[in-house]
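**Q** Can you read through this structure? Questions will come right after.
The values are calculated or read from the model by the stated rules, or taken from the named source; none is laboratory data. The structure presented is a predicted model; accordingly, all values stated were derived computationally and were not measured. Neighbour counts are summed over all protein chains in view; Cβ atoms, including those assigned to glycine, are modelled from backbone coordinates with ideal geometry.
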Amino acid sequence: MRPALLVVDIQKAFFSESEAMTASLMRSIEYANAVMPLFRAKGLPVVCVIHQEEEDGLMPGTPGFEPHEKLKFEPGDLRIIKTTGSAFAGGTDLGDKLRGLGVDAVVILGFCAEYCVLSTCRGARDEGFKSLLLRDALASGHPERIPFVEAINDGLTFGALQYLLQGV
């Protein structure tokens, strides 16, 4: 298994919606910052996925478009801008880039569990990748929906991910 990490839509704009959403997003940031170095240490791709949508004001150059400043992305990380729920749809070249890097699986975390994370998880499978959600690292404005998304998809805990990456 050669996995990549996908950090989905943890953008500044989503932190002003509600206290529950902000708390959920902050938890995702903690997990993202904990797992990104694990992937980089093994030479595995880290992908920053950004949602762009003109109707919601999420456009390059606008204040809410960029990832939250507490995320510890590095210049060598991939950056994918998507215009649909899935990071694999709508004309992105994510699947081709990952295949070119020898990736056959993705570990996904981020926002919003029941929309873009779920769509990206399904889209990865459609593209032929093994798709795993990082448990407790999904965010939503409705945190009560997260357990359902985790229950209907394959996933792993932080500890299990650490263990698996030792063998990569």
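**Q** Would you check which residues across segment 67-82 are in a strand (DSSP E or B) and either surrounded by 13 or more Cβ atoms within 10 Å (Cβ to Cβ) or among the aliphatic types (A, V, I, L, M) (or both) and list them? Talk me through it step by step, then tell me what you get.
**A** So the first thing to find is which residues in segment 67-82 are in a strand (DSSP E or B), and the list is 67, 78-82.
Of everything in segment 67-82, those that are in a strand (DSSP E or B) and either surrounded by 13 or more Cβ atoms within 10 Å (Cβ to Cβ) or among the aliphatic types (A, V, I, L, M) (or both) turn out to be 67, 78, 80, 81, 82.
**Q** Could you list, in sequence order, the residues of segment 30-46 that are in a helix (DSSP H, G or I), in contact with a strand residue (DSSP E or B) (Cβ under 7 Å, 6 or more places away or on another chain) and either within 19 Å of residue 98 (Cβ to Cβ) or charged (D, E, K, R) (or both)?
**A** The first filter runs over segment 30-46 and keeps only residues in a helix (DSSP H, G or I), leaving 30-41.
Subsequent filtering for residues that are in contact with a strand residue (DSSP E or B) (Cβ under 7 Å, 6 or more places away or on another chain) retains 31-32, 35-36, 39-40.
Passing the criteria: 32, 35, 36, 39, 40.
**Q** Please pick out the residue among 22, 62 that is of a type in the set (S, T, N, Q) and touching a Phe, Trp or Tyr at 6+ places or on another chain (Cβ under 7 Å). Give the steps one after another, and end with the answer.
**A** Numbers: 62 fails: touching a Phe, Trp or Tyr at 6+ places or on another chain (Cβ under 7 Å).
The conditions single out 22.
**Q** For residues that are in contact (Cβ under 8 Å) with a residue 40 or more places away in the chain, in contact with a Lys or Arg (Cβ under 9 Å, 6 or more places away or on another chain) and either in a strand (DSSP E or B) or crowded, with 18+ Cβ neighbours inside 10 Å (or both), tally how many sit in segment 139-160.
**A** 2
For every residue, the table says whether it meets (1) under 27 Å from residue 125 (Cβ atoms); (2) modelled with pLDDT of 95 or more; (3) polar (S, T, N, Q).
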| site | (1), (2), (3) |
| --- | --- |
| 33 | yes, yes, yes |
| 39 | yes, yes, no |
| 68 | no, yes, no |
| 72 | no, yes, no |
| 79 | yes, yes, no |
| 89 | yes, yes, no |
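**Q** Would you point out the residue of segment 42-61, among those that are touching a residue at least 24 places away in the same chain (Cβ under 8 Å) and surrounded by fewer than 16 Cβ atoms within 10 Å (Cβ to Cβ), that is farthest from residue 120 (Cα to Cα)? Before the answer, list the steps.
**A** Of segment 42-61, the ones touching a residue at least 24 places away in the same chain (Cβ under 8 Å) are 42, 44-53, 56-58.
The next check asks that each one be surrounded by fewer than 16 Cβ atoms within 10 Å (Cβ to Cβ); those that pass are 42, 53, 56-57.
Working: 42: 23, 53: 16, 56: 20, 57: 22 Å.
So the residue we want is 42.
**Q** Closer than 15 Å to residue 127 by Cα, modelled with pLDDT of 95 or more and part of a strand (DSSP E or B), is that true of residue 108?
**A** Yes, satisfied.
**Q** Restricted to segment 83-105, and to residues that are aliphatic (A, V, I, L, M), in a loop (DSSP other than H, G, I, E, B) and within 16 Å of the chain's Cα centre (by Cα), which residue is surrounded by the most Cβ atoms within 10 Å (Cβ to Cβ)? Break it down stepwise before answering.
**A** Kept after step one, since they are aliphatic (A, V, I, L, M), are these residues of segment 83-105: 87, 89, 94, 98, 101, 103, 105.
Subset that is in a loop (DSSP other than H, G, I, E, B): 87, 89, 101, 103.
Still in the list and also within 16 Å of the chain's Cα centre (by Cα): 87, 89, 103.
Values: 87: 30, 89: 18, 103: 21.
Ranking the candidates gives 87 first.
**Q** Another one. Exactly one of (1) in a loop (DSSP other than H, G, I, E, B); (2) modelled with pLDDT of 95 or more is unmet by residue 64. Its number?
**A** Only one criterion in (1) in a loop (DSSP other than H, G, I, E, B); (2) modelled with pLDDT of 95 or more is unmet by residue 64, namely (2).
**Q** Among the residues of segment 6-29, which ones are touching an Asp or Glu at 6+ places or on another chain (Cβ under 9 Å) and not in a helix (DSSP H, G or I)?
**A** Residues satisfying the conditions are 7, 11.
**Q** (1) surrounded by 19 or more Cβ atoms within 10 Å (Cβ to Cβ); (2) of a type in the set (A, V, I, L, M, F, W, C); (3) farther than 20 Å from residue 132 by Cα: which one isn't true of residue 23, the others all being true?
**A** Of the numbered conditions (1) surrounded by 19 or more Cβ atoms within 10 Å (Cβ to Cβ); (2) of a type in the set (A, V, I, L, M, F, W, C); (3) farther than 20 Å from residue 132 by Cα, the odd one out for residue 23 is (1).
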